[in-house]
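These notes are about the structure you will find just below.
Values quoted throughout were computed directly from the atomic coordinates according to the rules given, and no laboratory measurement underlies them. Everything numeric in this text was worked out from a predicted model, so none of it was measured. Reconstructed Cβ throughout: ideal geometry from the backbone, glycine too, with neighbour counts over all protein chains shown.
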Amino acid sequence: MAIPAALTEDQIYHRCPLDKLNFETTATLEELELPFGQERLLRAMEFGASMEANGFNLFVLGPSGAGKHELVRQFLDKHASGQPVPSDWCHVFNFQQSDKPNAIELPPGEGRMFKRDMSDLAAELKTAIPATFESEEYQARIQELQEEVTRRQQKGLFAIQEEANANNIAMITTPAGFTFAPMRNGEVIEPEEYKTFSDDEKALVEAKVEDLQKKLQQAIQQVPRLRKEVRERIHSLNEEMVQLTLGGPIGELREKWSHLPEVVAYLDAVREDVVEHAEAFQDSENGAPAGLLNRYRVNLLVDNSETQGAPVVYEDLPNHQHLTGQIEHRAHQGNLYTDFTLIRAGSLHRANGGFLILDARRILTQPMAWESLKRILFSNEIRIESLERLYGLATTVSQQPEPIPLKVKVVLVGDRTLYYLLAHYDPDFLDLFKVEADFEDDLDRDGESYQLYARMLATMAKSVKARPMDKPAVGRLIEHASRLAGDQKKLTAHDRVLKDLLSEANHWAARADSKHIGIGHIQQAIDEREFRASRIRERSLEQIYRGVVMIATDGEQAGQVNGLSVLQIGATRFGQPTRITATARPGKGQVVDIEREAKLGGPIHSKAVMILSRFLAGRYAPMGDLSLSASLAFEQSYGGVEGDSASVAETCVLLSAITGVPLKQSLAVTGSMNQHGEVQAVGGVNEKIEGFFNVCKKNGGVNGHGVLLPASNVEHLMLNEEVRTAVREGVFAIYPMTHIDQAIELMTGMAPGSPDDEGGYPEGSFNRRVADRLAEYAKVGQKKEDAQDNDSGGKNGDR
Amino acid sequence: MTAEQQLPVEPVGRVLILLDGSRLSLAALEAAADIAHARKAEVLGVFVEEVNLLRSAGYGFTREVGRNSGVARPMDLAAIEARMRSLAEQARRSLERAMAQRGLAQALTLCRGRVADEVLNLARPGDLLVLGRVGWSGSPGSRLGSTARVLVSQALGDVLLWADPPMRSRNRIVVLLNHDQGANHRAVRVGAELARRNRQPLTILVRTETGRDERIAEDLLAYMESEGITARVSFLPMASAGAVARVIREEGASQLVLSRQCSLFREQGADTLLIEMNLPVTVTP
């Protein structure tokens, strides 16, 4: 197998062809309304937003900082603008059940009008009805009624008094009532004198007195009935007067609102209620009680008079109350009270007929909010319930507004983990959020995309109020976007990083008094970002340079190789070499992964070590036992080790330990390997190469150093300027490998050798040395076993 | 005729307040106390034990029929007397309390007999007699008691029939006069005093058969101006008591003053007017 040629500068960096960019500065570029390269997402959103059926709500998933919220908002604003404006909703007093306010739907804009009409009516009631009661007509009629009752009341008493007088009996008033006694000349006869009357006379008088008393009793007992009758007549008079007063204004309103039967029914109920409470309006001093007039107010819950198209509402604090609305209370003299005018709309009310955008993580962190949202979406109506009621903590009488029918499209925005967790653990989730709109992390980089990507960058620059960029600056940014995507054929779609970079470049341009953002400003922004995040990387490099962490970058050494690893701290990633060592001695086919034994290795790493162990057995001892006891360790690694990207390096170092053939320390290796020795792609190659490059540079300069990496990783290379210069000058080499044998040859300088038909390797080849050495191990092992067998056999024989 | 000549100053008499323990008599007591305080007048409370009532309680067979319930209960002289004593005591306490608050001297006269007769015996021409329009002895729904009727027509001095004052929006003192009446001055003076004391404007209504008489109007207004009272004078034709009542109501009267010499009394319309006007009314001789 031939040694692969080192990669050229063009292979390790995909330059942006500036001839593909048809502009001088981004100022001349047309803005992109919707991002390109997100067809899947846009089609999903278009479908979700237009789909009428229940449960087709959207979940827009993608990494954080990808600009999901902005995109969703932008898309929905455009989509909603062509849709009809939804109805207004208001709550009005329920005259049948005062704690259950009614909901009335009105065409958009009419809610405000209705509210004003009812407020005017209440104001009119306040003055017109007392005026009616003060009118001469009313006063006269009331007086007539009162006089009639007085007359009727007195008539009975007068009749009795006259009958008494005619019979010489006085009707005398007492503090508590009346009494009868015989009289003469208008004066009551002295009781002593009465005793002198004859028995007949006495009997006559007493009989008459008794008769009069009975009549008086009857007359008095008629009084309550009489009063009740008068009360009723006064009430009907009041009703009549109020009806007449209300006839005009309510009639006008009925006509005006005749197109809405619900409003007409409400107006009729108001009229009946006013008539019923006519007496309360009589106090012209203080007017009708405020509580009574409040009943005729309209609580305009949703006012769409100024809404254009369907509403798009974003609820930034999606707790239960903000979503479903709430019933507020007013404190009055230490007591809390509420009525239908204190019902407040939630974002679901405001978004009704349109779209509600919610952040998935936020709604899930609010108590009961998620459950409430699901309940409402299932029932398709908004029922306002206080949180304390839901928890059963409050049992006080409160308002229970009539539920409002809901037709809303909820758009949840969140990261992928949340989506998959919800889909897995919440059985309702997929019933309610049937449309998955998945954000692309990276965009294809091809001939078509350059101009579009440049327009996207121009749009971003405008949105962050940055200067226009010139063509080379855009080119550099496109190249950096590939580096961020970690792929020569991709561009990152990560909105936040690009915008931040643009803002920073704009800052440097401003400092330099430049009208445009130039390539230098972009580079400065990239470098400054890297520098700000470089403290830990620098410390790590220093440790290597000072020899605290031992990394050899020169010479040759058996059983020792430079592996490459990537460290991620916060948002920054950097690579650094790690010394991997191996030992080998005869044994029973065992490769000890020290990291795993020390519980510092992860399962993928363990798997990789098992693969290499089987590779060894399969390749070098296909027909016999692999008599090997080997160990592998990441030196000076005190954290965990995970991943299989070191398996090529581990194989090389193990084979070196077996054969004693030294490995070049000027090369570092990364790559994963399968059981057949084929090299497979790994992640973070750019960081790894740059990390090793930096170490070499620091350890006496780069000269003949290099990195071996899987050939399938070549298209992920977007290396920095320094590495590219070293490659151009031939002082640093990057070798793509497809098979472990290529790594062996590069690291040892020996030909690996291919097996002949019988599986033997050619004399002098590296693989032959491995096979021979393993055969020696096997012999040694066999001798030991035989000696042990003899030992145990002799002992057995002695027995 | 000048205002000075027409309206001579009269000596301050006593304020006689007729107490019977009824609600309205207690309200009248407060009004009487205010007047006495303003006039710095002596107050005499009068409590009369009605002799007819005491006599009727002496019969074994008489029953008291409850005014509201209509239930008949036996009458007992001792019980009635005890009740009268208790009412008298209550009257005395009320009188003492009302006058003590204002620092006025007071006395209570207890007598037994016919109420109207006893009061007429006690009253002197310069005295102001204050009583509720109806007492407990008034028949149900009545707006003018029998005692009030007798005293209005027979008392030698002024009589104030107290009633619950009307609503606050009615705030004028109204004096009703006759064009050809000789004793107008007394009513005008009482009206002026009320207006001053209550800080209310005054309306003088003059009943006339000859139309507006500017001279009288000017005299009256000049007098009122000299007293510092806002006043207006209206002339009205000699209409029925009902029509007069309507005009008074339209004026927004809070209190009414009229002279017994007013032709309404001759026309027997005074009772109707007094019944219709449910507000405090002062009748001057």
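Provide A:CYS652, B:CYS262 in ascending order of the number of other Cβ atoms located within 10 Å of each residue's Cβ, fewest first.
Result, fewest neighbours first: B:CYS262, A:CYS652.
Over the stretch A:538-762, what number does the Rg to Rh ratio reach, with both radii from the alpha-carbon atoms and Rh per Kirkwood?
0.96
Among DSSP bridges having both ends in the protein assembly as shown, what percentage is antiparallel? Round to the nearest 5.
Working: 56 of 131 bridges.
Rounded to the nearest five, the antiparallel share is 45 percent.
Would you calculate a helix-derived [θ] at 222 nm for chain B, using -39,500 (n - 2.57) for each DSSP H run of n ≥ 4 and dividing by the full residue count, to the nearest 500?
-12500 deg cm²/dmol
Angle between the Cα long axis of helix A:766-798 and the longest principal axis of chain A, 0 to 90 degrees, nearest 10?
90 degrees
Working from the alpha-carbon coordinates of chain B, get Rg over Rh, Rh being the Kirkwood radius.
1.01
Of the residues B:VAL130, B:VAL150, B:VAL206, which exhibits the maximal mean-square fluctuation in a Gaussian network model of chain B defined by a 10 Å Cα contact cut-off?
Answer for the Gaussian network model of chain B: B:VAL150.
Starting from the alpha-carbon convex hull of the stretch A:664-799, give the projected area averaged over all orientations, in nm².
Result: 13.0 nm².
Go ahead and set up a Gaussian network model of chain B, Cα springs under 10 Å, then flag whichever of B:ALA105, B:ALA91, B:ALA78 fluctuates most.
In this elastic network of chain B, the residue with the biggest mean-square fluctuation among B:ALA105, B:ALA91, B:ALA78 is B:ALA78.
Plugging the Kirkwood radius over Cα pairs into Stokes-Einstein for the stretch B:15-162, at a temperature of 20 °C and a viscosity of 1.002 mPa s, what D comes out in µm²/s?
My calculation gives 135 µm²/s for D.
In degrees from 0 to 90, rounded to the nearest 10, what is the angle of the helix A:136-166 Cα long axis to the longest principal axis of chain A?
Compared with the principal axis, the helix lies near 40 degrees.
So what's the projected area for the stretch A:127-281, the Cα convex hull averaged over all directions, in nm²?
12.8 nm²
Output the relative contact order of the stretch B:166-284, whole-number percent, from Cα pairs under 8 angstrom with separation of 6+ residues.
Computed value for the stretch B:166-284: 35 percent relative contact order.
Tell me the label-point distance for the pair B:LEU77, B:THR230, using the 7 Å Cα-to-Cβ offset, in nm and rounded to one decimal.
The modelled label-to-label distance comes out at 6.1 nm.
Which of the lysines could be linked to A:LYS515 by a straight reach, that is with a Cα gap under 24 Å, when you skip same-chain ones fewer than 8 residues away?
A:LYS20, A:LYS462, A:LYS465, A:LYS471, A:LYS499
Expressed as an acute angle from 0 to 90° and rounded to the nearest 10, what is the orientation of the C-alpha long axis of helix A:110-134 relative to the principal long axis of chain A?
Its long axis makes an angle of about 20 degrees.
In debye, nearest 20, what is the charge dipole magnitude of the stretch A:68-170 about its Cα centre with +1 on Lys and Arg Cβ and -1 on Asp and Glu Cβ, if you could check?
Computed about the Cα centre, the dipole is about 620 debye.
What do you get when you divide the Cα radius of gyration of the stretch B:166-284 by 2.2 N^0.38 Å, with N the number of residues?
Ratio of Rg to 2.2 N^0.38 Å for the stretch B:166-284: 0.96.
Sorted from largest down, give the three principal axis spans of the alpha carbons of the stretch A:102-160, whole angstrom values.
71, 25, 11
Please report the relative contact order for the stretch A:127-281, taking Cα pairs under 8 Å with a sequence separation of at least 6, and give it as a percent rounded to a whole number.
Details: 96 pairs, mean separation 39.6, N = 155.
Relative contact order comes out at 26 percent.
Each label point is 7 Å from the Cα along the Cα-to-Cβ direction; what then is the distance between the points at A:LYS779 and A:ARG152, in nm?
Distance between label points: 14.0 nm.
Considering Cα pairs under 8 angstrom that are at least six residues apart, work out the relative contact order of the stretch A:690-799 and quote it in whole percent.
Dividing the mean separation by the residue count of the stretch A:690-799 yields 17 percent.
Name the longest site-free stretch of chain B, where the excluded sites are GluC sites (Glu not before Pro) in a DSSP loop with no more than 14 other beta-carbon atoms within 10 Å.
B:1-208
Which residues among the stretch A:463-503 fall inside the zone where the amide N is under 12 Å from a point 7 Å beyond the Cα of A:GLU448, along Cα→Cβ?
none
Give the Rg (one decimal place) followed by the Dmax (whole number) of the protein assembly as shown, computed from C-alpha coordinates and expressed in Å.
55.8, 172
The stretch A:308-352 to the stretch A:205-275: how many Å between their Cα centroids?
41 Å
Output the DSSP H helices from chain B with an along-axis C-alpha extent of no less than 20 Å and a mean Kyte-Doolittle hydropathy no less than -0.5.
Numbers: long enough: B:23-39 (24 Å, 0.50); B:77-102 (38 Å, -0.53); B:184-198 (21 Å, -0.97).
Answer set is B:23-39.
Label-point separation (nm) for A:ALA5 and A:GLU239, each offset 7 Å from Cα along Cα-to-Cβ?
It works out to 10.8 nm between the two label points.
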